[in-house]
Structure formats: C-alpha cells, structure tokens
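First up is the structure itself, then whatever we jot down about it.
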C-alpha cells in the first residue's frame, strides 16, 4: 500500500537516497530542503521520471511555524503524511572546551528539535489514518560517542530515547517509531574528512569499507514497509561493524 512520505533534509546524501528508495517503493514523496532548491528539484525529477509522485518543500525544520506550514502544504498537494523520515542534521564539531554556545545550540536545534516538531506534526495525521511509520536518523556517534562531537552525539543519543518514548505512547494506534543509526557513509559530509582520516575509519570497520547511502535507504525502506509492522522502539545500526 502506498503512502505519503516526508523526508527532511532529503535533497542530498542519505536523505536523497531515502527519498529515491521510498519513491521506487511506490510512495508519494515530499523532499524537504533548507538551502539547495536545485538539488531537491533533481530528486523530485528523478522520482517523477520513474513514474512516481513527488514535491519539493522548503522549510527550516527547527522552526515551529515553518514545520506547521510545511505539513499543511504537503497535505494540500499530496495528502496526509503516513511515513516520516527525520533525516535533517548538521555538525559543528569542536572539542567541548572550545565549543561555543552557538555551536551547541545550532546542532540541537536542527538535529533534535526538528525531530520533536516534525514527529508531533506528523502524529496528528497518522492518528487519523490509524497507520504510521516514524523513522529517525541517529548515528553510531550517538551510541558510542566521538571526540569533538559532544553536541552531535548528544543530539543523536537523545533521538533514541525520544523514539522509544514515543513508540510506547502511540504503538496502540498502529504507528511504529524506529531509529536507524548509520556509521560512516559515503556522502559529501564524510568527503570532508580527507583520505588519511577515512583510512583510519575504514581500519575500524569490520567490513573494511565505508557504507553507501543506498544501504541506509534500504534499512529505512524496510522499517517503512508492512514487513516491519511488528517492529517498534528499535535502533537498527547500519555501520559495517564499526561499533562492535
């Protein structure tokens, strides 16, 4: 059965792969973006060229009014959101002793507040549909920590606790709430690491390579499907064995 899916931060990297996967699975996809309309338009074009339905929607998902307006626009054009993928995220890495308050606040605002706002907004429609899938992106950093990422790791760890709590609240309404925790994935964000750091990371990965965005998208596709109807409150780690 097809549903309307919203992917926050869906214009590039993992979000792009997730949007394309959900589109190929037959869902109508709203591709949220903040700063790159052309990239979002390319994702929409790829989905529609394959025979699917999609739209791009601009919103700062850390802003209450922007999130409300986004959901209204999606419902008007595609219908009520049945699948929410909270993917939007940023990094502002620094050692804690040097971390400025703005570096902390910006990461929490985008990575965590957005999950709260979008989940709360999506729940209203899902309760009426009596069906829903809420899938949020955490990270292995949120499970094992990472030097220089106290803000990022805190936001990603909080997503896990948040999702478990919400799963308990709305499970009786046929709505599942789960988390995907990627390891190091080949995106423009990890490209900034440089070859030397990438080699050090790969040396710690049991499978001996970085992951691909499509491999994260496959995990999301499963959790969004009817095959995962009895899976909720779980964190699916997709990291090639990095956190072993």
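Remarks
- Residue among 181, 243, 228, 167 that alone is in contact with a strand residue (DSSP E or B) (Cβ under 9 Å, 6 or more places away or on another chain) and at pLDDT below 95: 243
- Looking only at residues of segment 185-207 that are over 15 Å from the mean Cα position of the chain (by Cα) and in contact (Cβ under 8 Å) with a residue 24 or more places away in the chain, we find that the one that is surrounded by the fewest Cβ atoms within 10 Å (Cβ to Cβ) is 188.
- Subset of segment 22-39 [buried (at least 23 other Cβ atoms within 10 Å of the Cβ) and within 17 Å of residue 212 (Cβ to Cβ)]: 22
- Qualifying residue in segment 133-140 (condition: surrounded by fewer than 21 Cβ atoms within 10 Å (Cβ to Cβ) and touching a residue at least 40 places away in the same chain (Cβ under 8 Å)): yes
- Selection of strands (runs of 3 or more DSSP E) fully inside segment 27-111 by the criterion of at least 2 residues being more than 27 Å from residue 160 (Cβ to Cβ) and at pLDDT 95 or above returns 54-58.
The values are calculated or read from the model by the stated rules, or taken from the named source; none is laboratory data. Because the structure is predicted, anything quoted here is derived from the model rather than measured. Every residue, glycine among them, receives a Cβ derived from its backbone with ideal geometry; neighbour counts consider all protein chains shown.
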